[in-house]
Each structure stands twice: as C-alpha cells, then as structure tokens.
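S.K.: Structure in structure tokens, see below.
The values are calculated or read from the model by the stated rules, or taken from the named source; none is laboratory data. Values in this document were obtained by computation on a predicted structure and should not be read as measured data. With ideal geometry, Cβ positions are generated from the backbone for all residues, glycine too; neighbour counts draw on all protein chains shown.
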Amino acid sequence: MAKLVINNESRKSTIAPEIYGHFSEHLGRCIYEGLYVGENSDIPNVNGMRKDVVDALKEMKIPVLRWPGGCFADEYHWMDGIGPKEKRKKMINTHWGGVIEDNSFGTHEFFELCKQLGCKTYVNMNVGSGTVREMSEWVEYITFNGVSPMADLRKANGHEEPWQLDYVGVGNENWGCGGNMRPQYYADLYRRYQTYVRGYAGAYPIQKICCGANSNDYDWTRKVMETCFEHSEPHQHGFMDGLSLHYYTLPETEDDWNYKGSATDFTEEVFYQTLKRGVYMEELVTRHGAIMDQFDPDKKIGMMVDEWGIWTDVEPGTNPGFLYQQNTMRDALVAGNTLNIFNKHSDRVKMANIAQLINVLQSVMLTEGAKMIKTPTYAVFHMYAAHQGAELLSSELLEAGTVGSGKNELAKVYESVSEKDGVITVTLTNNSLESAEDVEISLTKDGSAYSVCEASAVTGKMNAHNTFETPDVVKEEAFTAYSKTSDGIKVTLPACSVVSVRLKK
Ligand code: AHR
C-alpha cells in the first residue's frame, strides 16, 4: 500500500492554466480538416471552424493555442494568408508532405478560432527565413489600434479592431529546422528581433518567448540565457518572458527517427520503455531549470515546454509527412505522468503545448470526414483541467514501488495535488500493467472533514484505443474505488490507469 501525504497548509506555486496548452501546425490534417473545414463545408462549422471539435476543446478547457508551427513557422510568410481567399498565394508545404498549402487559414482565421475557443493566443513568428520587418509588421497588423499601414490593411481586410496577442515565439527550433543556428548566433538574433515586437497594445503585455533547447542540450540553454536574459520586471517589454524546451518521447529508438515504433502494436517492454522515456521530462525540467536559476533566481521568466508528447510511426498507409498516429492508454499514461511533473514544477514551467492538437502526433482528437473521436489523451486533459490556475500543494508519495526493469524502471505512481476554491484535486497514475495499487491519502489539516466530491478515471489495456467504428473503448468514467479514512481517503488505482479524485469539506 502506498501513502500520499498532502500538506494542505503549504501552497507552493500557482499552476499556470497554460501548462494545459496545445499546439497546431500547418501539418497533415491538423489545421485543414481537423480544425478548419471552410464555410462551405457540409461538416457543421461556424465561420469554417468545425463545431464538434471546437465544442470538445471548450469542454476540455483549452487555455492557449500555439500556431502556425513548428518547422512551418520559419517558412511562413503571414502576408500570404490575408485578404480575399481566392487571391491568397498557393505554396508547397515543403516540410510536411509536399502538399499544396492554399493559405485559406491565416491570421484572421487563427484569431477567429481562438475567439470561438475562448483561449489565449500564441503566434510563433518566422526568424529562420523571415525579416525583422516582416515580424514587426505582423505584430502591428494584429495589435495596433491606430492609423498605420498595417492597422489600415487589417481594417481593409475586414477586421476593424485589433486582436489580443498573448504570446510571440521568436523563431522555432532555430538549432534545427528554424535555420540550423549555433546558440550564440541565435541569441544575438533574438536580441534584435525581439526589439521590434512592440507593445502597441499597451493595455496588456505581449509575452516574448525565446527559442530554447532540444531535449538535453544544456549548452544551448546556458548560452542563450547568458546572452538574452536582461530583464528588470516581468512583462514590462523585457528581453524575454519565456524560454522554450522541446522534448518528444520516441518509444523504440533514441536517435533513429526512421524507426520510432508503432502507435498501437508494441510489447510490454516497449510500453515501460516509453513511459520511462516520458518521465525523463522530470530530469530535463530540473536541469534546464537549474541553469535558468543561475541567471534568473527569482524565476521571472517561464520555461515553456511548447512541444512535447509521444512521436511514433505514422498509421500504416497514411502519408509519412502527415505524422498521423493513433493514441492508446500508453499515451494517456505519458500525458498523466508528464502533466503531474509540470504541475510539480509550476514555479518554473509556465506553459506547455502538447504536440499536436488534432490528427498529428499525440492528439486529443482524431477526425475522418465528418466523424470525430476523442483519444485517451483527451480524457487526461479533461480530468486534469481542475488544476488550471489552482495552487500546488506540497505532497509526498511513500512506498509506491516501481515498475519496469533495468533501464526501464520507473515509479509506479506519479501524482500531483492542487487546491482551488476549497476543492483539492489529486491526480494519480498507475503505470503498472499487472497490479492495482492502494493509495492511502492523508491530509495534514482537517483530513477527516474532507470527502470525495468528484472522481473519474481512464483505464484499459496498454494498447487500448478508440477508432471511428468503436469510439468509446477508452474514455473517462466515474471512479468509485475509494473509502474514507480517519485523516483522508483510500483509493485503489486500477492497473494501467489515470485517476482524478477531488476532495471537499
Ligand atoms: O511537431 C512536429 C515538429 O516537431 C515541429 O514542426 C517541429 O518544431 C518539431 O521538430
């Protein structure tokens, strides 16, 4: 039996809602088909945005959406995507499948989508192949509320009012697809480009995100922080408000991207290997965070893990450039473990964006024509939504043991606990394929006064997944395996499960 001791008198940090953020790129069927079907589609839509998808994302409380890439961002020229649709330039999406991009989804459509979703906006700008002027004019087009060439152009294109631009990414993966730069070179470019992300909006700060490291490239973090971190007050148009980090979990290989492994057909050994590689996020966040602490001990800027998730082989028979993969209980556990890790590091991690929202990599939804299914990862994001904006409580897990073996050994249970409006939310994973786990949850204050007000779980075989024919194989269900104790509650976590329990006096 494991014990989870919650110190409900010790609040550690606020869990930024944006930790539950998402990423959408002009890649495969993410934007086109997944989110945007066009105003003339037979698929029910509002101004071209799929209604079923928007409704499900709102129910999941999507807090922020990153767009337009990814690698696509450093080849995207925003002026191609404004004005009358029939006149917009067509181009080849060289990164992703060599298909024609008709630019029918551009700036106006992105902000319309975010308006429908009620979420914050994160636009990743082009440094790799774009100019400072292009970037600066995009910010002016989006945010300026006076008389200026770009504001006038926006108005001429039918949008009188400026939009709210919450986050700007100054380049993407500039160590790779965003220009193959060395850290010193990128850092100098960052200093220059960010200067022209002007605060036209005045009333609110645009948060600037500097391109951070790939996985464990600690040298990148050190060099970029050294050159770019000059920050008096947070959000006062300082040099940087965030530094990104990208880390993908590859199930079967560490470096051969041609053999990542199947999304649904894998062995128990690969299952544990995947989970172990997923929780490597803990080490990455800790070590990159320690470097950031050397420059920014007061944690004024955020670590923005703006790409993470499982990356497997594509579904057989689909375009390899579209990165379309299925999603199983293994994905649910990677999501559950990772989100618990982010919550526990919420003093530094201020945003995270799982890759990608729909039809690409570890998605929360998949579509096929008019059909839409929610994945096991959707269930986890929905269950964890109560952590958004809550206060992280100090918690310690004892005697839970481990699963997997050798290099694939990891903790059986990952947890995090938060409190908001008097309700304590406890989220737990059971990474074991074999055994349930009893967890005795105790609270240091008034434990006996608390009882469960809401509880749900997602569980199933390791490769259980939903299909368009059987959409409800894996879904969030009511959880009832709990009982009251003298200072809290006892729960029994089923094998291979993610559980959320909410407690109230
Ligand atoms: O998410 C797919 C790709 O992965 C993104 O375009 C890129 O930033 C990363 O390498």
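S.K.: What's the number of the condition residue 286 fails, among (1) closer than 18 Å to residue 363 by Cβ; (2) of a type in the set (Ser, Thr, Tyr); (3) surrounded by fewer than 17 Cβ atoms within 10 Å (Cβ to Cβ)?
M.R.: Residue 286 satisfies every listed condition except (1).
S.K.: Pull up region 139-167, narrow it to residues that are more than 16 Å from the ligand (Cβ to nearest atom) and under 22 Å from the mean Cα position of the chain (by Cα), then point me to the one that is surrounded by the most Cβ atoms within 10 Å (Cβ to Cβ). Before the answer, list the steps.
M.R.: Narrowing region 139-167 to residues more than 16 Å from the ligand (Cβ to nearest atom): 139-166.
Remaining after also requiring under 22 Å from the mean Cα position of the chain (by Cα): 164-166.
On the way: 164: 16, 165: 23, 166: 20.
Of everything passing the filter in region 139-167, 165 is surrounded by the most Cβ atoms within 10 Å (Cβ to Cβ).
S.K.: May I pose another question? Taking region 466-487 as the region of interest, how many residues are farther than 24 Å from residue 6 by Cβ and among the small types (Gly, Ala, Ser)? Steps first, answer last, please.
M.R.: Of the residues in region 466-487, the ones farther than 24 Å from residue 6 by Cβ are 466-475, 477.
So of that shortlist, the ones also among the small types (Gly, Ala, Ser) come out as none.
Of the residues in region 466-487, 0 are farther than 24 Å from residue 6 by Cβ and among the small types (Gly, Ala, Ser).
S.K.: Answer yes or no: is there a residue in region 28-47 that is more than 30 Å from residue 390 (Cβ to Cβ), touching a residue at least 40 places away in the same chain (Cβ under 8 Å) and crowded, with 24+ Cβ neighbours inside 10 Å.
M.R.: Yes: one or more hits.
S.K.: State all residues of region 248-262 that are of a type outside the set (S, T, N, Q), within 15 Å of the ligand (Cβ to nearest atom) and crowded, with 17+ Cβ neighbours inside 10 Å; if no residue qualifies, say none. So that I can check it myself, show each step before the final result.
M.R.: Kept after step one, since they are of a type outside the set (S, T, N, Q), are these residues of region 248-262: 248, 250-252, 254-257, 259-261.
Now restrict to residues that are within 15 Å of the ligand (Cβ to nearest atom): 248, 250, 255, 257, 260.
Those that are of a type outside the set (S, T, N, Q), within 15 Å of the ligand (Cβ to nearest atom) and crowded, with 17+ Cβ neighbours inside 10 Å: 248, 250, 260.
S.K.: When region 288-320 is examined, which residues are found to be aromatic (Phe, Trp, Tyr) and within 16 Å of the ligand (Cβ to nearest atom)?
M.R.: Here is the first cut: in region 288-320, the residues aromatic (Phe, Trp, Tyr) are 295, 308, 311.
Within region 288-320, 308, 311 qualify.
S.K.: Could you list, in sequence order, the residues of region 401-432 that are on the phi > 0 side of the Ramachandran plot and either part of a strand (DSSP E or B) or touching a residue at least 12 places away in the same chain (Cβ under 8 Å) (or both)?
M.R.: We begin by selecting, within region 401-432, every residue on the phi > 0 side of the Ramachandran plot; these are 401, 404, 406, 421-422.
Selection gives 401, 404, 422.
S.K.: Going by the conditions given, is residue 305 without any contact (Cβ under 8 Å) to a residue 12 or more places away in the chain and either surrounded by fewer than 24 Cβ atoms within 10 Å (Cβ to Cβ) or more than 25 Å from residue 2 (Cβ to Cβ) (or both)? Talk me through it step by step, then tell me what you get.
M.R.: On the way: without any contact (Cβ under 8 Å) to a residue 12 or more places away in the chain: no; either surrounded by fewer than 24 Cβ atoms within 10 Å (Cβ to Cβ) or more than 25 Å from residue 2 (Cβ to Cβ) (or both): yes.
Here the answer is no, as residue 305 does not meet what is asked.
S.K.: Would you call residue 379 more than 16 Å from the ligand (Cβ to nearest atom), assigned to a helix (DSSP H, G or I), within 17 Å of the chain's Cα centre (by Cα) and surrounded by fewer than 23 Cβ atoms within 10 Å (Cβ to Cβ)?
M.R.: Numbers: more than 16 Å from the ligand (Cβ to nearest atom): yes; assigned to a helix (DSSP H, G or I): yes; within 17 Å of the chain's Cα centre (by Cα): yes; surrounded by fewer than 23 Cβ atoms within 10 Å (Cβ to Cβ): no.
Judged against the criteria, residue 379 is not a match.
S.K.: I would also like to ask the following. Out of region 31-53, which residues are away from the ligand (no atom under 16 Å from the Cβ), among the hydrophobic types (A, V, I, L, M, F, W, C) and assigned to a loop (DSSP other than H, G, I, E, B)?
M.R.: If the condition is that a residue be away from the ligand (no atom under 16 Å from the Cβ), among the hydrophobic types (A, V, I, L, M, F, W, C) and assigned to a loop (DSSP other than H, G, I, E, B), then 37, 43 are the ones that fit.
S.K.: Next question. Taking the condition within 16 Å of the ligand (Cβ to nearest atom), in contact (Cβ under 8 Å) with a residue 24 or more places away in the chain and over 30 Å from residue 416 (Cβ atoms), does residue 22 pass?
M.R.: Working: within 16 Å of the ligand (Cβ to nearest atom): yes; in contact (Cβ under 8 Å) with a residue 24 or more places away in the chain: yes; over 30 Å from residue 416 (Cβ atoms): no.
The answer is no for residue 22.
S.K.: Taking region 321-334 on its own, how many of its residues are among the hydrophobic types (A, V, I, L, M, F, W, C) and either within 16 Å of the ligand (Cβ to nearest atom) or out of contact with any strand residue (DSSP E or B) (no Cβ under 9 Å at 6 or more places or on another chain) (or both)?
M.R.: The initial filter retains those residues of region 321-334 that are among the hydrophobic types (A, V, I, L, M, F, W, C), namely 322-323, 329, 332-334.
Still in the running and either within 16 Å of the ligand (Cβ to nearest atom) or out of contact with any strand residue (DSSP E or B) (no Cβ under 9 Å at 6 or more places or on another chain) (or both): 322-323, 334.
The qualifying residues number 3.
S.K.: Being assigned by TED's automatic domain parsing to the domain that holds residue 193, at positive phi, within 16 Å of the ligand (Cβ to nearest atom) and in contact with a helix residue (DSSP H, G or I) (Cβ under 9 Å, 6 or more places away or on another chain): is that true of residue 98 here? Even if it seems obvious, please write down each step before you answer.
M.R.: Values: assigned by TED's automatic domain parsing to the domain that holds residue 193: yes; at positive phi: yes; within 16 Å of the ligand (Cβ to nearest atom): yes; in contact with a helix residue (DSSP H, G or I) (Cβ under 9 Å, 6 or more places away or on another chain): yes.
The answer is yes for residue 98.
S.K.: Residues 394, 456, 435: which one is assigned to a loop (DSSP other than H, G, I, E, B), surrounded by fewer than 20 Cβ atoms within 10 Å (Cβ to Cβ) and modelled with pLDDT of 95 or more?
M.R.: Sole residue among the options that is assigned to a loop (DSSP other than H, G, I, E, B), surrounded by fewer than 20 Cβ atoms within 10 Å (Cβ to Cβ) and modelled with pLDDT of 95 or more: 435.
S.K.: Related question: Considering only region 54-68, I want to know if a residue exists there that is surrounded by 23 or more Cβ atoms within 10 Å (Cβ to Cβ), among the charged types (D, E, K, R), within 16 Å of the ligand (Cβ to nearest atom) and over 23 Å from residue 205 (Cα atoms).
M.R.: no
S.K.: For region 478-505, how many residues are assigned to a strand (DSSP E or B) and under 23 Å from residue 339 (Cβ atoms)? Step through it out loud before you land on a result.
M.R.: Filtering region 478-505 down to residues assigned to a strand (DSSP E or B) leaves 478, 482-485, 488-493, 497-504.
Going one step further and asking which of them are under 23 Å from residue 339 (Cβ atoms), we end up with 478, 482, 488-489, 491-493, 497-504.
Residues in region 478-505 being assigned to a strand (DSSP E or B) and under 23 Å from residue 339 (Cβ atoms): 15 in total.
S.K.: Also, I was wondering about something else. Give all pairs with beta carbons closer than 6 Å in which a residue from region 135-147 that is closer than 17 Å to residue 76 by Cα and in contact (Cβ under 8 Å) with a residue 40 or more places away in the chain meets a residue that is buried (at least 20 other Cβ atoms within 10 Å of the Cβ) and of a type in the set (A, V, I, L, M, F, W, C); count only pairs at least 6 apart in sequence or on separate chains.
M.R.: 135/125; 138/78; 139/197
S.K.: Please state which one of 172, 258, 180, 216 is under 28 Å from residue 309 (Cα atoms), touching a strand residue (DSSP E or B) at 6+ places or on another chain (Cβ under 7 Å) and assigned by TED's automatic domain parsing to the domain that holds residue 139. Step through it out loud before you land on a result.
M.R.: Values: 258 fails: touching a strand residue (DSSP E or B) at 6+ places or on another chain (Cβ under 7 Å); 180 fails: touching a strand residue (DSSP E or B) at 6+ places or on another chain (Cβ under 7 Å); 216 fails: touching a strand residue (DSSP E or B) at 6+ places or on another chain (Cβ under 7 Å).
Sole residue among the options that is under 28 Å from residue 309 (Cα atoms), touching a strand residue (DSSP E or B) at 6+ places or on another chain (Cβ under 7 Å) and assigned by TED's automatic domain parsing to the domain that holds residue 139: 172.
S.K.: Just name the residue that is nearest to residue 16 (Cα to Cα) out of those in region 336-364 that are away from the ligand (no atom under 16 Å from the Cβ) and among the aliphatic types (A, V, I, L, M).
M.R.: Residues of region 336-364 away from the ligand (no atom under 16 Å from the Cβ): 336-337, 339-350.
Retained after the next criterion (residues that are among the aliphatic types (A, V, I, L, M)): 339, 341, 349.
On the way: 339: 12, 341: 13, 349: 8 Å.
Filtering region 336-364 for residues that are away from the ligand (no atom under 16 Å from the Cβ) and among the aliphatic types (A, V, I, L, M), the one nearest to residue 16 (Cα to Cα) comes out as 349.
S.K.: Within region 212-231, is there a residue that is over 25 Å from residue 18 (Cα atoms), within 16 Å of the ligand (Cβ to nearest atom), among the aliphatic types (A, V, I, L, M) and modelled with pLDDT of 95 or more? Steps first, answer last, please.
M.R.: First, pick out the residues of region 212-231 that are over 25 Å from residue 18 (Cα atoms): 219, 223, 226-227.
Pick out the ones that are also within 16 Å of the ligand (Cβ to nearest atom) and you get none.
Scanning region 212-231 turns up no residue that is over 25 Å from residue 18 (Cα atoms), within 16 Å of the ligand (Cβ to nearest atom), among the aliphatic types (A, V, I, L, M) and modelled with pLDDT of 95 or more.
S.K.: With the condition kept exactly as written, say whether any residue in region 465-477 is touching a Phe, Trp or Tyr at 6+ places or on another chain (Cβ under 7 Å) and either surrounded by 19 or more Cβ atoms within 10 Å (Cβ to Cβ) or assigned to a strand (DSSP E or B) (or both).
M.R.: Our first condition is that a residue be touching a Phe, Trp or Tyr at 6+ places or on another chain (Cβ under 7 Å); within region 465-477, this holds for none.
Within region 465-477 (the criterion being touching a Phe, Trp or Tyr at 6+ places or on another chain (Cβ under 7 Å) and either surrounded by 19 or more Cβ atoms within 10 Å (Cβ to Cβ) or assigned to a strand (DSSP E or B) (or both)), the answer is no, since none of the residues qualifies.
S.K.: Could you give every pair whose Cβ atoms fall below 6 Å, whose first residue belongs to region 49-72 and is under 23 Å from residue 305 (Cβ atoms), and whose second residue is in a strand (DSSP E or B) and aromatic (Phe, Trp, Tyr), counting only separations of at least 6 or pairs across chains?
M.R.: 64/122; 66/23; 66/122
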